[in-house]
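See structure below.
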Amino acid sequence: MENEKNRKTSPLLALISPTQFILGVLLAFIAGAVFLWVFGESPADAYGALFKGAFSSKRYFAETLLSTTPLIFGGLAVALGFRCGLFNMGVEGQIVLGGMAAAYVGYAWELPLLIHLPLALLAGAVAGGIWGAIPGYLKAKHRIHEVITTIMLNYIVFQVAAYMIAVGGPMKADNELPVSPDVLPTAQLARIWEGTRLSGGIFIALIFAVLVWVFLFKTRLGYKMRAVGLNSSAAEFAGIKPGRMMVWAMFLSGALGGLAGAVEVLGVHYKFYSTFSPGYGWDAIAVALLGLNHPVGVVASAFLFGVLRSGSITMQAIAQISKDIVLILSALIIFFTATNQTLRPILERLTLRLDTRRAK
Amino acid sequence: MYLEMKNIVRRFPGVLANDHICLEIEKGEIHGLLGENGAGKTTLMNVLCGLARPDEGEILIDGMKVEFGNCLDAIKCGIGMVHQHFMLVPVFTVTENFILGNEPRKGARIDTARAREMVLELSEKHGLKVDPDALIKDISVGMQQRVEILKALSRGAELMILDEPTAVLTPQEVEDLYRIMRSLQEAGHTIIFITHKLQEIKEITDRVTVLRDGRVVGIVRTKDVEQVELARMMVGRDVVLRVEKDQHAPGEVMMSVKDLRANDSRGLTKLKDITFDVRAGEIVGIAGVAGNGQEELVEVLTGLRKQESGSITLDMQDISQLNPRERMYAGLAHIPQDRQRRGLVMNFSLVDNFLLGYEDLKPFARGPMLDYREAEKFASKLIKMFDVRTPGSQILARTLSGGNQQKAILAREFQRDPKLLIAAQPTRGLDVAAIEFIHNELIKFRDQDKAVLLISMELTEILDLSDRILVIYEGEIVGEFKSGQATPEQLGLLMAGSKKGQM
């Protein structure tokens, strides 16, 4: 009976979040069209090429899903941090470090598949997690803002990564290239679509989206983290330790970032090199924002950003339009998602109007 | 008719805050606006001072239709509002706050000498004494209120809206405020006085409009009506205004506080070796003006703040080194002063809010998981037991009225079956019905031989409920009275720092 009552008050309210999502994307594409037009390009051609590049063939679509995979992980990482009130700007670094750790376990250890692959993934997660937990600890203990520390830690990782595979570096392969040795087949993620590079990583990503949802909304730890994120004073008053939750949240956030890197290395490149991530960690922030920090939203927006990424390459090739327009589009999406927050009360009022009209 | 508001409608998601409200204000009157929390008083006034636009309806001043797009429009029409929470910059002086947004200039620079004169002139004219050079953070709340009133006057406010102005004042300061209001009235100003305290309505207003559930339920001349009648209009049923409480013999000492010393966040000593006991079956009230160490006391007792020295014993167990959760499990419950900041997670559903503090306990905790089916059952039970008015348990806490939010907190805290309950300002900002409910619950709790430590700035609440009263002033207990032995005047003097009233 309680449930019936709930539904009566908010049948349309549940639609507000998706509406916000779609509106943000739509407005961004419209504004993007204006930009294209100002640059003297045809928006129709550009967008046509963009979507062609993302969907028109098996290989293109596989590439779209391929970019979606790390974006889901990264988006989940940022979203989980946000849920605990923390802004993890260090996902890019966590991806690189996770990839590095996974690659090392992948080529240096010889183990059976059933142990080797999970262990390599775990190594990536733990490496990213520790790298995330450091800013969490600094925030909890010394109140140093995590935005600063996560960004700074990124640069440390980038330099370490470059050193690892430079000439004479500890992970350098026995060849001319600045890469690590190849990951052994026992640690490689299987390709699941013939003729494409798509690996099973996409399924792992989706499984983790479900896990993060369960974690946030069904477990004690997730509950405590959300309480801290929404009102740390009230949480503390109820005996939850905000500092401890922050460290945990940043560890898990970093671990998801690390997994992104591990899946990328074990599923796509089979080796580590310092620039294997084309900025997935930065896109992840936009993914989480657009996804309203909800796992379902993150999956949807990761897919959208995947489309933008893979489509932009074709767009540049076919329509001769610089793929930088996609950067503008992503920026616009972030812009409109952020400004959309102000739309929320308006949407709520609108729902109310509709509700009262229907009631009549 | 000076001001008319006609058929004002204002909707919020799920609520009709103002349902065709008509308000008529005559020139030069003090008009009371009485209503429970959530009755729509503040919404109506926000519409009047340009903070919110009405969905329907119109406002007329001297018969002319006006429309306010923002606060400035309203100010131009001579409407000024003194908000419940003051809009002052604490580190600025009185003068600086006074001129903020309306600075007198000399060339490109602010003419500070002129500004200071303006303050003095205006304060002289209305008999509102203030020190123009004092910093806001150093002066009393009553003084800060005067600055707000002066500010509104300086902007040419003919109609002054005072939103629950007495909530933060000592009895003496309330008297001062009445004096100020009367002198403003004599000078030709009109005042709308928002409150939910009946006795204040009786004391100061000429006419009163009573709101209930977003509608006007009555417009009366104040002298023609009894308090009980007003209460019935406001609540919609008969209300017992006096708290009914039997004598109850206190039992063993439940909590014992010894030589407790603590600092605030800036390192200033706020509690100076406080010692007191609370017995089972006893309500001990701590009276005092806000900022005399009450907050620190509550924080130290609940484990949110470390004491410098001293000990706290609960039911023979030393709890002074335990963390908040351990103290909760040891039998301490707490209704926080600021329910929106400490008591509830406003963007959590009711279910999630009820879980706070229970999430690691059976039957809700199942390994690492939370059993939401149990939580739902628990929530339904608490909602029913404490009559929390909500469409359901999935509703966000922030959408509930203040009274219902407080009921939810009370429900959660009582359900812990504590030995001692610390109630800090448990009825602040609540309406008569909710206050009645909460007072009765506290007394019921006491009658089960439980201990209550009541901290309140409301003297009447302290006097009505307490079996024993302690007065706190600058971090020290400066007086102790048995129930019935203290008069409001004595307490008021002690609260203000005069030791003469000590017995």
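Summary table below
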item	result
Space enclosed by the convex hull of the alpha-carbon atoms of segment A:215-360, per residue, Å³	188
Relative packing of peptides B:366-378, B:74-86 - highest average C-beta neighbours within 10 Å first	B:74-86, B:366-378
Sorted peptide list for B:333-345, A:122-134, A:338-350, B:383-395, criterion being average Cβ within 10 angstrom, highest first	A:122-134, B:333-345, B:383-395, A:338-350
Stokes-Einstein D for the protein assembly as shown, Kirkwood Rh over Cα pairs, 10 °C, 1.306 mPa s (µm²/s)	51
Accessible area, probe 1.4 Å, largest first, for residues B:R327, A:R59	A:R59, B:R327
Partner chain coverage, peptide A:219-226 - average Cβ within 10 angstrom	6
Approximate shape of segment B:52-206 as ellipsoid semi-axes (Cα gyration tensor, √5λ), whole Å, largest first	25, 22, 14
Cut-off 12 Å between beta-carbons: net charge of the residues surrounding B:M87, Lys and Arg +1, Asp and Glu -1	-1
Nonlocal amide H pairs with B:R305, under 5 Å, H built at 1.01 Å	B:V300
Within 10 Å of each Cβ in A:234-246, the average number of Cβ atoms from other chains	6
Value of Rg/Rh across segment A:150-233 [Cα atoms, Kirkwood radius]	1.16
Interface size B-A, as summed buried accessible area [1.4 Å probe, Å², nearest 100]	3000
Fully extended contour minus Cα-Cα distance, from A:A166 to A:F29, at 0.36 nm per residue	45.2 nm
Overall dimensions of segment B:387-437 as given by Cα atoms, namely Rg and Dmax in Å	11.5, 32
Ordering of A:42-50, A:280-288 by packing [mean C-beta count within 10 Å, highest first]	A:280-288, A:42-50
Probe 1.4 Å, all protein chains present, accessible-area order of B:E295, B:E252, B:E489, A:E41, largest first	B:E252, B:E489, B:E295, A:E41
Solvent accessible area, Å² - A:F87, 1.4 Å probe, full protein context	60
Global form of segment A:112-176, assessed from the alpha-carbon gyration tensor, a/c cut-off 1.5	oblate
Nearest-0.05 FRET efficiency for A:E348 and B:K125, computed from C-beta distance (R0 41 Å)	0.35
DSSP-defined beta bridges in the protein assembly as shown - what % are antiparallel, rounded to 5	55
Cα-projected label distance for A:W193 with B:E252, points at 7 Å along beta-carbon direction, nm	7.2
Whole-percent carbon and sulfur share, accessible surface of the protein assembly as shown, 1.4 Å	57
Largest to smallest accessible area among A:F21, B:F348, A:F51 [probe 1.4 Å]	A:F51, A:F21, B:F348
Mean accessible surface per residue for chain A, computed with a 1.4 Å probe while every protein chain stays in place, in Å²	45
Solvent-accessible area per residue for segment B:359-503 (1.4 angstrom probe, square angstrom)	41
Simple label model, 7 Å out from Cα along Cβ direction - B:V9 to B:E56, nm	0.2
Debye log10 I(q)/I(0) for chain A, one point scatterer per Cα, at q = 0.15 Å⁻¹	-1.31
For B:333-341, mean number of other protein chain Cβ atoms within 10 Å	2
Principal axes of segment B:117-194: Cα extent on each, largest first, Å	30, 30, 17
Bridge type composition, chain B - antiparallel percent by DSSP, nearest 5	55
Debye-sum result for chain B in log10 I(q)/I(0), which assumes one identical scatterer on each alpha carbon, at q = 0.05, 0.09 Å⁻¹	-0.21, -0.70
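The values are calculated or read from the model by the stated rules, or taken from the named source; none is laboratory data. Note that the coordinates shown come from a computational prediction; the quantities given were computed from them, not determined experimentally. With ideal geometry, Cβ positions are generated from the backbone for all residues, glycine too; neighbour counts draw on all protein chains shown. For accessibility, only protein heavy atoms count, side chains too; no ligands or nucleic acids. Shrake-Rupley method; radii C 1.70, N 1.55, O 1.52, S 1.80 Å.
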